[in-house]
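Scroll down for the structure; my scribbles are underneath it.
Each value in this text was obtained by applying a stated rule to the coordinates, not by laboratory testing. Keep in mind that this is a model prediction, so the values were computed, not measured. For neighbour counting, all protein chains shown are included, and Cβ atoms are generated from backbone atoms with ideal geometry for every residue, glycine included.
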Amino acid sequence: MTRNRLANQSVAAGAARGCAMMACFRRLASAASRVPSSSINQMDNVARLNSRVVRWTLNFAAMRIIQYLLLSSASLTAVARVDAQSGQSAPAALASQVKIIGQPKWWLSPIDGNVASQREAHLYFSVVVENGSVSELSVNSSFRAYGADGSPHSACGPFGLGGGGEPAFVAAGERALIVCTNTVVPRSVYDLQVTNRIVDVVPQSDERSNLGTLADVGLAKYSGDFATDETFTASALIHSKSAKDVRLWIRFRFYDRDGIQTATCDSKTTLVQPEVAVKATCGLPIRVPSGLLAPATVKAELRRSQ
């Protein structure tokens with residue numbers, strides 16, 4: 001967008017210069033027309049000179065404007081070509097590094113604990129993906145559900161593709177579960193056919209830090225406000241390796257018993273001083289809806305603050 005704006009400014013500037021030159025020569029021509037003459041021949045000569053000046057001015061200004069337009073058009077074409085390459089080829093290359101494992105699934109999860117009295121339930125979708133690249137990727141998926149007869153039922157995904165979808169931050173070489181929910185349906189729903197597509201594959205910057213070490217990494221049930229049997233948290237101690245105060249944070253990865261990442265959470269950025277091992281916890285607890293395996297293990301990665 002910056003290059004386009006600069007090109008447009010160049011066009012405007014060129015046109016302005018051409019128009020300014022036209023105005024200047026017109027003023028010269030006007031002045032020439034006011035030169036006193038002592039005869040009809042002199043007046044004719046001035047008129048012819050005036051006409052030539054005006055024609056030359058118009059031709060020169062038009063030529064300058066066309067020149068700027070051609071140069072700016074070439075610049076805009078080059079910018080569009082670069083933008084097309086960076087906007088299409090890179091995401092396609094990244095998406096090819098993400099592999100879908102198995103088939104997408106759907107299930108109903110009760111709205112609260114009193115299952116027997118409920119006529120409706122949350123509709124959930126999930127799929128397992130594998131990151132085949134050498135770096136962490138943010139991956140999202142869109143889901144579409146159809147009835148047994150093929151009639152469209154619902155959609156779930158990132159904003160613009162149904163809503164309700166959250167990306168999974170998948171470590172290099174690992175598998176992760178992507179979960180999506182955005183609607184409540186009758187509990188009588190059955191025989192849905194589900195499709196999914198991988199969308200929004202975004203590389204993550206490497207923010208891992210060697211300015212500290214982690215100890216006592218632990219997984220626990222969340223016991224704060226709004227805690228339920230489905231909410232979990234994690235914590236760890238950060239030991240500084242620096243002689244100075246540093247700001248660090250932790251990304252926690254939760255895994256089920258099959259080694260598939262089911263969720264992540266990030267701690268707040270923490271000031272770590274060399275004299276004290278500082279405890280960091282999930283900024284927000286994770287929620288595991290019924291129908292999914294509870295987390296069995298957790299890993300922690302130390303990150304530097306930007």
Listing Lys105, Lys99 by rising number of other beta-carbon atoms within 10 angstrom, fewest first, gives Lys99, Lys105
Given charges at beta-carbon only (K, R positive; D, E negative), |dipole| of segment 98-203 in Debye = 160
Can you list the HN-Hα couplings for segment 125-137, worked out from phi with the Karplus curve (6.51, -1.76, 1.60; θ = phi - 60°), rounded to whole Hz and with x for Gly and Pro?
-> 10, 7, 7, 9, 10, 10, 8, x, 8, 9, 9, 5, 10
Once label points are set 7 Å from the Cα along Cα→Cβ at both Thr213 and Ser109, what is their separation, rounded to one decimal in nm?
-> 3.8
Name the long-range amide H neighbours of Ile111: under 5 Å, sequence gap of 5 or more, or other chain; modelled H, no Pro or chain starts.
-> His122
From phi via Karplus (6.51, -1.76, 1.60), per-residue ³J(HN,Hα) for segment 291-302 in Hz, x at Gly/Pro | x, 10, 5, 5, x, 9, 9, 9, 10, 10, 10, 7
Report ³J(HN,Hα) in whole Hz for each residue of segment 249-266, in order, from the Karplus equation J = 6.51 cos²θ - 1.76 cosθ + 1.60 where θ = phi - 60°; Gly and Pro get x.
-> 9, 10, 9, 9, 10, 9, 10, 7, 5, 8, x, 9, 5, 10, 6, 9, 8, 10
Final fewest-first order of Tyr190, Tyr255 on the 10 Å Cβ neighbour count is Tyr190, Tyr255
For Ser135, distant residues with modelled amide H under 5 Å away | none
When a footprinting reagent is the concern and you count Cβ atoms within 10 Å, what order do Ser242, Ser141, Ser151 take, fewest first?
-> Ser151, Ser242, Ser141
Subtracting the Cα-Cα distance of Gln306 and Lys241 from 0.36 nm times their residue separation yields 21.6 nm
extent check for segment 98-203: Cα max minus min per principal axis, descending, whole Å, gives 48, 32, 25
